[in-house]
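Written below as structure tokens is the structure these notes are about.
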């Protein structure tokens, strides 16, 4: 039934968008071999797994691709009793599996908590009957935790989101112990790359994009842009310019935000893009403002920094193309990461001013 429903939607999209839509139901034989990005070679260190379900796996896989610290993202089927299920079996509702994605990531570069923050923004967690146009258990959402830390982190993340007021109805996504995961057929892997026209038409036609736009900030790259170098030199102080454009480091303990305890968010001094919340700020005794995680890992770049005879992970504002600081793996729970930032690279917006300054959609992230 669900496979026919998806095919019906794709048929409608053919007529509306004049496209040759190929549905998620067109599976090929053979399972996907392990997919590994260049991140695995770029960052040495440990790896962990995260497994999420949020409806059509095409639409959950794509948002995690290309994020620094994410090694691979594989679409598949999770949580059911049946061994080696096929797409046809799962999509027709004949199994106890959900369409899911499994993410391999380096916890020294990106935390499980950051992955959860991205996951929650990709679907409707209040829908217990499926996901947008796709109906049935196989399209319901779930977080499959791999250990006790992931379980506690997921529950805390869900609780904060449920209390945020973002959704009119309570969140129904269950937090379940991981049992199994089977990679989907090769045709489904990287569907957004192989069939971009069909993929984006499907997202629009299913209602997923409209739902996300209603509840979350979108198209930030259009709103927050990097000014010309001449403008930056005119607008920024000498220290701000040297830190952001030439990777300088301000003095420890004598910078603007190290001791700041006010509630609000920290935004990129270059582009204005939101970066960190006061709720994730902590006293690291390093002399610089430190955070356990960014507001959204998709707004951060993390190239390897081999300067000064060391190998560190630099943190840059993606939309400002500007230096912020570095990330280290000596932080507190639950992320164990320390985002050590330069005050000169950021501007603080107090909680009371966030709405009028255009950052109202991030109020939920500030305690």
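Read-outs throughout are calculated quantities, based only on the coordinates presented, and are distinct from any laboratory measurement. Computed from a predicted model, the values in this text were never measured in an experiment. Backbone-built Cβ (ideal geometry, glycine too); neighbour counts: all protein chains shown.
With labels modelled as points extended 7 Å from the Cα through the Cβ direction, what inter-label distance (nm, one decimal) is found for residue 252 paired with residue 219?
For the pair residue 252/residue 219, the computed spacing is 4.5 nm.
So I have [x] 143; [y] 224; [z] 134, and one of them is volume of the Cα convex hull per residue in Å³ calculated from this model. Which one is it?
From the options [x] 143; [y] 224; [z] 134, the structure gives [x].
What per residue convex hull volume, in Å³, comes out for the stretch 246-327 when only alpha-carbon positions are used?
Taking only Cα atoms, the stretch 246-327 has a hull volume of 99 Å³ per residue.
Using the 10 angstrom Cβ neighbour count as an exposure proxy, how do 82, 231, 185, 198 rank, fewest first?
Ranked by crowding around the Cβ, least crowded first: 231, 82, 185, 198.
Between residue 200 and residue 233, what length in nm is gained on full extension when 0.36 nm per residue of separation is reduced by their alpha carbon distance?
7.9 nm
Sorting 59, 268 on the 10 Å Cβ count, fewest up front, what's the list?
Listed from fewest to most nearby Cβ atoms, that is 268, 59.
Among bridges DSSP assigns within the chain, what percent are antiparallel (round to 5)?
Beta bridges within the chain, antiparallel portion: roughly 95 percent.
For the stretch 160-250, what mean projected area does the convex hull of the alpha carbons give, in nm²?
12.0 nm²
Which angle between 0 and 90 degrees, to the nearest 10, do you get for helix 2-17 versus the longest principal axis of the chain when only C-alpha atoms count?
Compared with the principal axis, the helix lies near 70 degrees.
Roughly how many whole Å is it from the C-alpha centroid of the stretch 220-281 to that of the stretch 142-213?
Each part's Cα centre sits 31 Å from the other's.
When the convex hull of the Cα atoms of the stretch 204-262 is projected onto a plane and the area is averaged over all directions, what value comes out in nm²?
7.1 nm²
Between 0 and 90 degrees, rounded to the nearest ten: what's the tilt of helix 196-206 against the longest Cα principal axis of the chain?
Relative to the chain, helix 196-206 is tipped by roughly 80 degrees.
Which one, 100, 343, 157, has the greatest fluctuation when you compute a Gaussian network model over the chain with C-alpha springs under 10 angstrom?
Looking only at 100, 343, 157, the largest GNM fluctuation is found for 157.
Would you please classify the overall shape of the stretch 302-345 from the alpha carbon gyration tensor, given that a ≥ b ≥ c denote the square roots of the eigenvalues, rounded means a/c under 1.5, and beyond that prolate means a/b larger than b/c while oblate covers the rest?
oblate
With the contact rule set at Cα under 8 Å and sequence spacing of 6 or more, what percent relative contact order holds for the chain?
17 percent
How high is the relative contact order of the stretch 65-213, in percent, counting Cα pairs under 8 Å that sit 6 or more residues apart?
RCO, the stretch 65-213: 28 percent.
In a Gaussian network model over the chain where Cα atoms closer than 10 Å are linked, find which of 289, 63, 217 has the largest mean-square fluctuation.
217
Per DSSP H run of at least 4 residues, take -39500 (n - 2.57); add these up for the chain, divide by its residues and hand me the 222 nm value, nearest 500 deg cm²/dmol.
Theoretical 222 nm ellipticity from helices: -7000 deg cm²/dmol.
According to a simple spin-label model (label point 7 Å from Cα along Cα-to-Cβ), what is the distance in nm between residue 96 and residue 304?
It works out to 4.4 nm between the two label points.
Starting from 0.36 nm per residue, how many nanometres of slack lie between residue 149 and residue 47 once their C-alpha separation is accounted for?
Gain on stretching residue 149 to residue 47: 35.2 nm.
Neighbour counts of other C-beta atoms within 10 Å: give me 212, 60 arranged from fewest to most.
212, 60
Using alpha carbons only, how many degrees (0 to 90, rounded to 10) separate the axis of helix 148-162 from the longest principal axis of the chain?
90 degrees
Among 349, 265, 166, whose mean-square fluctuation peaks in a Gaussian network model of the chain (Cα, cutoff 10 Å)?
It is 166.
What is the distance in Å between the Cα centroid of the stretch 333-367 and that of the stretch 292-330?
Cα centroid to Cα centroid, the span is 16 Å.
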